[in-house]
Structures are given as C-alpha cells and as structure tokens.
Amino acid sequence: MDNFPVTISVDKEVLRFEVGEYLHHSGQTCKFKVFRDGAWVASFEPDPHEYLRVCSNPGNLQEQVLHLLADEIENHHPHQTNDHIKTIKS
C-alpha cells in the first residue's frame, strides 16, 4: 500500500506527516509507521477492537499529537464493523 499524508493542527501549528501501512510479520505488531520530514517518528498498532494505540514513539511526540495522528489514521481506514456479518437466507 502507498503512503498517505496526514495533516494535523496543534495550538495553531500545522504539522504534516506521512503514514505507511505495513503487513504484520511474525514477531512484529506495528502496522502503521509515521514519518515527518523523512524521519520515522511513531508507530501504531490496532488493539483487539481495531482502535489504534501507540506501538513506538522514537520522535518523542506529545501525547496530544499521537492521539490526533491515531484519529486521522483511523479516519483514513474506517472500521469495517459489519464486514464479517453474513446474511443467511432461509
């Protein structure tokens, strides 16, 4: 999958990031990696309910920024809550 841009605003400052989605490999759980100016600054992984939680924060981003990033990534990949429900016709 291609990387996609994410822009957030914190205290009137506009922050731009690029997010890459990675398949889970054996022993790795971080699914989304976030980059700023080409540097890796954070990673997120889905919890059992498919909400994102911080996996790694090498860029020492503020908690507020991490929450906003998670929200934007989730908005870009909406939950498919009903895709596993199949209609059974009798």
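Per-residue extension of 0.36 nm, minus the Cα-Cα distance of Ser56 and Glu18, leaves a gain of 12.1 nm for this segment.
Summary of packing: across the peptides 9-16, 57-64, 37-44, the per-residue average of other C-beta atoms within 10 Å ranks them, highest first, as 37-44, 57-64, 9-16.
Since every read-out is calculated from the coordinates, none of them should be taken as a lab result. Because the structure is predicted, anything quoted here is derived from the model rather than measured. Don't worry about glycine lacking a Cβ; one is built from the backbone with ideal geometry, like all the others, and counts go over all protein chains shown.
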